[in-house]
Amino acid sequence: MRPTADRVREALFDALEARGVEFEQMLDVFAGSGALGIEALSRGDGRCDFVESNAKAAATIRENLASTGFEARARVFRMPADQAPGRLDKQYSLLFLDPPYDDEACARDVERIAGSGLIAPRATLVLEHSSRSDAPTRLGKLQLDWSRRYGDTQVSMYQEVAP
């Protein structure tokens, strides 16, 4: 588990707010401690689902939700990321994906999620990845809109391409 640095998280949420992104139906995949989803919950009255395969990390997310008072607005799914498109039952307007860096299987999971029915119309997808690799210009029907480097971390934001 590699938590998102505070300065990276702050810059990301500043960029999301500047773009008028609504914090309504959110999904945090490869969630780790749940920091990104919990930060998003603190920005409005939306709901967030968390997907994490590691049992200890999923327990940490539940503890963090309880300590912040957000447990009623969240669901934690302990499952591999590649199962999310087949098992989750809604569309999300804001997705956070923070897979392990340089893991080809996880990169395929990101592609699968981005091309799935989990993506609501006009959704925003945030991908955290290694700054040593370029962000794909497209993920499913989403186009790279914004990308910033913070040391070893790069944060890339994707939006639906207008028809």
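Please treat every number below as a calculation from the coordinates, not as lab data. Please read all numbers here as calculations on a predicted model, not as lab measurements. As a convention, Cβ positions derive from the backbone with ideal geometry for all residues, glycine included, and neighbour counts pool all protein chains shown.
Principal axis extents of the Cα atoms in the stretch 48-114, from largest to smallest and rounded to whole angstrom, are 35, 25, 18. Summary of packing: across the peptides 68-81, 124-137, the per-residue average of other C-beta atoms within 10 Å ranks them, highest first, as 124-137, 68-81. Note on the stretch 75-127: the alpha carbon radius of gyration divided by the globular reference 2.2 N^0.38 Å gives 1.08.
What fraction of the Cα pairs in the stretch 1-96, stated in percent, has a spacing above 24 angstrom? Intermediate values should be presented prior to the final figure.
On the way: 657 of 4560 pairs.
The calculated P(r) of the stretch 1-96 puts 14 percent of pairs beyond 24 Å.
Among DSSP beta bridges whose residues both lie in the chain, state the antiparallel percentage, nearest 5.
Values: 17 of 36 bridges.
In the chain, DSSP labels about 45 percent of beta bridges as antiparallel.
When the square roots of the Cα gyration tensor eigenvalues are ordered a ≥ b ≥ c, the ratio a/c for the stretch 6-160 is under 1.5, which makes its shape rounded. Per-residue ellipticity at 222 nm, computed for the chain from helices alone with -39500 (n - 2.57) per DSSP H run of at least four residues, works out to -9000 deg cm²/dmol.
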